Each structure stands twice: as structure tokens, then as C-alpha cells.
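Written out below as C-alpha cells is the structure these notes cover.
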Amino acid sequence: MAPVAATTGTYDVALNRRKALMGDSGPMALIQNFRVFGIACFACIGGLLYGYNQGVFSGVLTMNNFMDHMGDYDSKLAADQTRKGWLTSILELGAWVGTLLSGFLAEQYSRKISIIIATGVFIIGVVVQTTAVAGGHSSILGGRFVTGMGVGSLSMIVPMYNADGTNYIGGTGNTQSEAAWLVPICLQLAPALALFCGMIFMPYSPRWLMHHDREVEARKVLATLRGLPQDHELVELEFLEIKAQSTFEKRTVADKFPHLQHPSAWNTFKLQFVAIGSLFKSMAMFRRVIVATVTMFFQQWTGINAILYYAPTIFQNLGLSGNTISLLATGVVGIVMLLATIPTLFYIDKLGRKPILTIGAIGMGTCHIIIAVIVAKDQSSWAKHTAAGWAAVAMVWLFVVHFGYSWGPCAWILVAEVWPMSNRPYGIALGASSNWMNNFIVGQVTPDMLSGITYGTYIIFGLFCFMGAAFIWFFVPETKRLTLEEMDILFGTDTTARADFERMEAVNREIGLNGALGGEGGTAFSEKEKVSEDGKYE
């Protein structure tokens, strides 16, 4: 146990030392690290692109003029619901492809260049979609697939929805203007161009520079970001931590995949898939694969993206009339989602992953069943049962609340923390792949479900929610505040985490990180900087 304890101690000391050197936290830290804050803002635009695209297309799908340009894909015809599903879900199929390529792009060409490439792909996809006035459904299908590839590489998803206000250009019926749907589609170019142009002036990632043996540049970028001289203690500490992680990753590849250790483009591309394949070779890792992929399966089959994609259609089916009411109801979904996510940030480490995910799934399943009962009873006479329609809408909002505090953020946290350090990038990629593929399937089948089995749609999603609750409660271990070595014990006899720690400790000693912290014991503090048991300075 000594190597693990020593390494953990090193990280604790390094973390506390950095906190002391960095000073203020919270809002004041943004002022002191304004360059870092600016870069983070540009990165967040990647989430905005997907959130805007997701929200705007749900409104565009219900516009008369848009469907008039879709030919055989006109969703006003009941027989064409499957094709309507393709108009929506093909973006997720493209995003799935994008996630498979994003690891290679980021590692080979840097995070900066890969963001520029992904944003460029996104812009091309949007431009292709705007040609749908002449190209019809072919332009939408091709453009959304390409856009999805860009989105997949920028898939830090932000629960955001932008209400559409262009529906009335030219009226809402046969006189509706093409601008009603072209304007919201083209507006996607604004944040995309901002991200594309802004990233040109952003620095390369210090970690990527280090990993490609450009240490001088890495140190210079760190110093610039912190606004400190290159020989400052904080810069030196962060430089050594990044170097330790980079060296660790290189040695891990050399140990596990010696035939791919040479950092050529082809080896880097193959490594992403070979490393993911290795996760299926031991039972301990395979259990982690099951947790990651099945958790993401159930996240999508809660029906959340069916709600987000087809909200206007769903609310119309629930008896709401008029575009204003439909848009208002849809906008509330996005607001509720955002607000419901916030409490999780404060309570997830206190309550644990399993209780939050289980309660959230049961809550979502119950909402689905109540909606199914209301729809089954009143779907043929909504005009006489306005209150029932609004009750169903309220259940949709409550469903979004349950998703927002549980499966929205917690599923991603769970998928990220079950993996050892050496396998984490590939494990998370596998979970993301499951998420996008199931996202695609749900988007594809939902129109047919709403058209063909009506209230049965909510019963199916409700049953999947209850199954997800059972899966989490009975088959997924609680991961709250567990060390990576304890994860090994939970998932089997695999000793990957111990080997990772031993390798990292050897790296720490070799590059001088332990020495920078005051020796093997990691006591790099003066008498005035002793740390109490709770990690605070005395």
C-alpha cells in the first residue's frame, strides 16, 4: 500500500500548495485569471452550438413553409413519420462519427486545431442546410449529418434551449416566408464563427505541447495564462504536474501497446480503437464497460431527447393550440432543465450517485405513466379537457426536473469516475459513443411512436426509466468518494489502479515533483503553512 499512499499524498500536497499560491477562489479567481476565463468562455460556445441546434430544429420541424420544401419528408403526412425522424436523428448519427474521430484529432493536431476543425465542419454543415430552399430534404439530411460530426467533437453538452421567435415571418400558414426557418438555421453561424475566429488567437493546450515534447512553449503558455514569470513557483508546480501526467501516459502506452508507442498519425489513430478494444479483455474492465454503456443507454431511453426534439409536436398532441402557447411551453422545458441541474452540484457528493439516479429514474417513470393515462383518456377530446392537457404538460415539466437533477449530470459523472487513470479517456469515449448512438435511435423512432402508438410512447419510456432505476440500484456500485484502488476492489481483482499509481509515483520521483514539494514525504511547506486534517491552512 505504500506506493499508493505516497502518490496520493503527493497529489494532496500539490493541490493544497497550488491553492495557497493561487490565492482567491470563486468569482475573484476569474478576475485574477482572466485569460483562463476567456478561453473557458470560448470553449463553452461548443456547448451552445449543440444546444441551439437541438432547440431550433424542434421548432423548425413544425413550420409549414419548411415542410413544403421537404417533399416526401413532409411530416404533415402520417406515413412520413419515419422520414421526419431521419431529418432529426441524422445529426446524432453524424455526432457519433464525430466522437470516434475527436480523440485522434485532439491528440494528433492539438485541442486548439481540433476545435477549429470541428467548428469548420459545423459551419459547412449549416451552409449546406441553408441550400434546402433548392435542395429540399437532401440538403437537410446531408447538412445535419455534417453538422453532427462537428457537434460530436464539441460535445460538452449544455442543457440550454433558445426559444424561436421567427415563426411569424409571413404568417404561420401557407403564406409563411422561407425566412421563418432560414433565419434560425443561419443564426447558428454566429456562435460558430465566433468560436472559429476566437480559437485562432487562443494558445495551444500546455498538456498537448508537453506531450509533443514542446516543453519550452508549454512553460511559456502556463506563465502567460497565470500572468506570472516563468520561474514562479506556481508555474513550476503546474509544469511538473503536467509533465508527470504526460510521461505517465507515454509509459502506459509503451507498456500496454508497445507496437503503438511511436507517436505517428497512424499509430495515434489506431490507438483510440485498440485501447477501447482492450477494455473488453478482462472481466473487471468489462464490468466497467457495462456500467458506462448501459448507463448511457438508459439515459437516452428515459425519453429526454424525445421531449427536447419533438416538444412542439408533443405539446400540440396534448391539446395545446396556437404557436405562441406551444413555443412558451417548449421554452419552459429549457429553463426548467437548467434550474434543476444546479442543486446537483452541491449535493451529489453528500447523497451519492445511486440514490440520486434511482430517485430521478423513478420520478421520470412516474411522470411518463401519468402522461400516458391522461393521453389515453382524453386524446380524442382535448377541446373539452383543457385542464387535462395542461396537467400533462405539467408532468412533462416535472419529468424534465427529475432528469435535470439526476440523469443529466450524474450519469456523466458516474461514467467518468469508474475508470482507472490509464483507461479513463477510452472509457469515457465508449460511454459517449453509447450516448450518441442511442440518442440517434431515440430521435429516429419517436415520430413513429407518437403517431402509431400515441400514449404507448410514454408507457415505453416509463418502463425504461423503471428498468434504469433497477439497474442502478442492483447492479451499479456506489462510487462516491472512492479511491481508484477501491474501484478496483468493487469491479473485481484487476490491479490496474495499483499499477497506475506505482507507475505515476516512479514518474513523480524521476521528474522531481516530489522534490519540488519538499521530498518523498511531500512536506513542501514552511512552519507557517502547515495543513490541518481537513486540508485547510493554519
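The values are calculated or read from the model by the stated rules, or taken from the named source; none is laboratory data. On a predicted model such as this, the values are computed, not experimentally measured, just so you know. Neighbour counts run over all protein chains shown; Cβ positions are idealised from the backbone, glycine included. We work out accessible area using only protein heavy atoms, side chains counted, and drop any ligands, DNA or RNA first. Shrake-Rupley method; radii C 1.70, N 1.55, O 1.52, S 1.80 Å.
At an R0 of 22 angstrom, the distance between the Cβ atoms of Leu193 and Tyr109 translates into a FRET efficiency of 0.60.
For the stretch 435-512, what is the accessible area per residue in Å², given a 1.4 Å probe and the full set of protein chains?
With all protein chains present, the stretch 435-512 gives 43 Å² per residue.
How would you classify the stretch 313-466 from its alpha-carbon gyration tensor, with a ≥ b ≥ c the square roots of the eigenvalues: rounded for a/c under 1.5, else prolate if a/b is greater than b/c, otherwise oblate? Prolate is the answer for the stretch 313-466, as a/c is 1.5 or above and a/b outweighs b/c. Prolate is the label for the stretch 234-281, because the ratio a/c of its alpha-carbon gyration tensor axes (a ≥ b ≥ c) is 1.5 or higher and a/b is greater than b/c. Using 0.36 nm per residue and subtracting the Cα-Cα separation, the extra length available between Leu345 and Glu502 on full extension is 53.3 nm. Share of carbon and sulfur in the accessible area of the stretch 199-300 stands at 63%, probe radius 1.4 Å. Find out how many positive minus negative residues lie around Ile348, taking Lys and Arg as positive, Asp and Glu as negative, among other residues whose Cβ is under 14 Å from that of Ile348. Its environment carries a net charge of +2. Computed extension length for Arg214-Glu233: 4.8 nm, one decimal, from 0.36 nm per residue of separation with the Cα-Cα distance subtracted. Extension gain, Val133-Ile335: 0.36 nm per intervening residue step, less the Cα-Cα distance, totals 69.5 nm.
Surface composition of the stretch 350-417: carbon plus sulfur atoms contribute 74% of the solvent-accessible area (1.4 Å probe, protein chains only, all chains present).
Measuring with a 1.4 angstrom probe and ignoring ligands and nucleic acids, Cys367 comes out at about 0 Å² accessible. Ordering 436-448, 298-310 by mean Cβ neighbour count within 10 Å, with the highest value first, yields 298-310, 436-448.
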